[in-house]
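Worksheet for the structure shown next.
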Amino acid sequence: MLRTFALQQDVQRRIKKAQAMMREKGLGALFIPAQGAPGMMGMAKYFTNLQLWAGTAWVVLGSEHPEPALIQSSSYGTDWNKQEATTSWVENPSPDPLGRAIEVCREFCERDKRIGIANLKTTWKVGDWTRIQKELLVDGRETIDVTKDLNRMRSIKSNFEIEEIYRTGRLLCEGLERFCEVARPGVRCWDAAAAAEVVLRSQGCFWGRSKYSLDLHPHTIPTTVDRRFSEDDIILFELVYTGPLGYWDEMTALFSFKPLPDDVKKQLEAQEKVIQACAVAMRAGARIGSMHDIASKVWKEEGFKVIGKHTPNCHSIGLDDEDGPSSWFTPDEILEPNMVLSFHPSTLLEGNRAFLISDNFLVTSEGAVPLSPREWLYRKIDL
C-alpha cells in the first residue's frame, strides 16, 4: 500500500516538472499516444501508470490541470486502468475516443495555443495524426515535438525509480538462480527458461521474454521448442522483463555444465575486465558513445582482435526499453547523475564471437554501479 502511495507521489513530481516545461514553452497541453505493445506505452505510463494490453490510449495533460486525462479505445482496458492508473480521469468515450481526446486538448488550449506532441515518429498512427492535423490544428493551434524534452526528464531517475529498478534487478537475479536449478543435460531449453519466467511472473513482472545464444555468437534468440541441453553446451541466457511497476531490465549470464575451454575462459576473463573498465568510465560528464573505444582498448590489451560492435554498448532504460541517450543513436550525448543504463559492452571479436552480458547500471559522478545484487557473470552448473 505504501508503495502505491510512493508511486502516486512520484507521478505528481513528474507532472509538475512537465508542467513547468510546458509553461516555459507556452504549451497549453501535452498530447501523448500509447499503443498496446512493449516500447510504445512508456511515455504515457510515465504520467499515469497506464496498463495497456491492446488497442490505443491517449494521455492529454494540461499546463494547469492537476491530473492528466487518460482516454482509451477499450472498455476493458478502461476498467483495468480505473484500478491501476494514478489519475482518476480515465475514460472510454465510445464510439470516438480520439475525438474526445481532441476535445480535451482543445479545452486545455483555450489560452495557450501550442500543443506538445511526443513520439510522433514511433507511436502515432498515420490516420490518427492526419485527423489531429485536420481537426485540432485550426484556430491558431500548432504543435511542437517535445519528445527530447520529455526523454531528458525521463532519463534522470528519481530515488523512487532507482529503488524500483533495483527491485526488478533482484527479481531477475532470482530468475537466473532458478534457471541454474532446472537446466540440465537432456532438459528442454524451453522448460528451463519457463522456470525462470515463472519466478518473475509470480512476483508481478509482466511484459518480457527469455532468449539464448548457444554458439558463442552474441545475439540471443528463443530456441526451438524441442531443443535440449547437451553436456557440452556453453549457454548465454538472457531475461528481458519489466518489473511489477513496468521498469525494464535486461540481464544476461553465461552457464556451462563442464569447465569452460581455455579460449572461452580467457574471453570471459577479458569480458569481466571490459565491464569493470567501462563502469569506471561511464561517469556523469562522459560521452555515452565513448564506451566502444574504452572496451576495444581493453580487448586489444588482452590479446583479442576487435572487428566492430554487435549491438549498442549501452542505452538509457526505464518504462521503455530505451527512454533517452543511446551509445548507438546519440553517441555524443553526455551522461548525467541518476541516469540508468542497460549496460552491455558490445565489442565484436574475430570469428563473430562475443558475449552479450548485460545488467542495469546507475550513473554516478564516480562511475556506473550495477542496479542488482548479482555478483557473478558466469556459473558452472553442478550436475
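Suppose R0 equals 35 Å; then what is the FRET efficiency for residue 283 and residue 7 from their Cβ-Cβ distance, rounded to the nearest 0.05?
Numbers: r = 29 Å, r/R0 = 0.84.
The value I calculate is 0.75.
Which entries in the list 134/157; 45/121; 266/297; 45/113; 16/157 go over 27 Å, if you measure between the two C-alpha atoms of each? All intermediate terms of the calculation are to be shown ahead of the outcome.
Details: 134/157 37 Å; 45/121 18 Å; 266/297 16 Å; 45/113 25 Å; 16/157 15 Å.
The pairs that break the limit, which is 27 Å between Cα atoms, are 134/157.
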For the stretch 159-380, what relative contact order do you get, as a whole percent, if you take Cα pairs closer than 8 Å and at least 6 residues apart? 22 percent
Whole-Hz Karplus couplings 3J(HN,Hα) for the stretch 362-368, θ = phi - 60° and coefficients 6.51, -1.76, 1.60, Gly and Pro as x, run 9, 7, 10, 5, 9, x, 9
Please turn the phi angles of the stretch 16-22 into ³J(HN,Hα) values with the Karplus equation 6.51 cos²θ - 1.76 cosθ + 1.60 (θ = phi - 60°), one per residue in order, whole Hz, x for glycine and proline. 4, 5, 5, 5, 5, 4, 4
Just checking my list (1) 1.07; (2) 1.02; (3) 1.22 against Cα Rg over 2.2 N^0.38 Å computed from this structure; which label fits? (1)
Can you give the calculated 222 nm mean residue ellipticity of the chain, where each DSSP H run of n ≥ 4 adds -39,500 (n - 2.57) and the sum is split over every residue, rounded to the nearest 500 deg cm²/dmol? -12000 deg cm²/dmol
Karplus ³J(HN,Hα) for the stretch 307-319 (6.51 cos²θ - 1.76 cosθ + 1.60, θ = phi - 60°; Hz, whole; x = Gly/Pro) runs 10, x, 9, 9, 8, x, 5, 6, 7, 4, 9, x, 6
Nearest 10, in degrees from 0 to 90: the angle of helix 75-84 to the longest Cα principal axis of the chain is 70 degrees
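So what's the net charge close to residue 304: Lys and Arg +1, Asp and Glu -1, counting the other residues with Cβ under 10 Å from its Cβ?
+1
What full-extension length gain, to one decimal in nm, is calculated for residue 163 and residue 133 as 0.36 nm per residue of separation minus the Cα-Cα distance? Before the final figure, lay out the partial values.
Values: separation 30, 0.36 × 30 = 10.80 nm, distance 4.07 nm.
Separation in residues times 0.36 nm, less the Cα-Cα distance, equals 6.7 nm.
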Degrees between helix 126-135 axis and first principal axis of the chain (Cα, 0 to 90, nearest 10): 20 degrees
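Output the relative contact order of the stretch 2-154, whole-number percent, from Cα pairs under 8 angstrom with separation of 6+ residues. Let's see the in-between values first.
Details: 257 pairs, mean separation 35.9, N = 153.
Across the stretch 2-154, relative contact order equals 23 percent.
Quick one: compute the contact order of the chain, relative version, from alpha carbon pairs under 8 angstrom and 6+ residues apart, as a percent.
14 percent
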Using modelled amide H (1.01 Å from N, peptide plane; none on Pro or chain starts), what sits under 5 Å from the amide H of residue 234, excluding residues fewer than 5 places away? none
Give me the angle, in degrees from 0 to 90, between the Cα long axis of helix 291-301 and the longest principal axis of the Cα atoms of the chain, rounded to the nearest 10. 10 degrees
Report the extension gain between residue 306 and residue 203 in nm, rounded to one decimal, defined as 0.36 nm multiplied by the number of residues separating them, less their alpha carbon distance. 33.0 nm
Using amide H atoms built 1.01 Å from N in the peptide plane, name the residues 5+ places from residue 143, or on other chains, whose amide H lies under 5 Å from its own. 115
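Any read-out appearing in this document is the output of simple, stated calculations on the displayed coordinates, not a laboratory observation. Only a predicted model underlies this, so the values are computations on that prediction, with no experimental measurement involved. In this analysis, Cβ positions are derived from the backbone assuming ideal geometry, glycine residues included, and neighbour counts consider all displayed protein chains.
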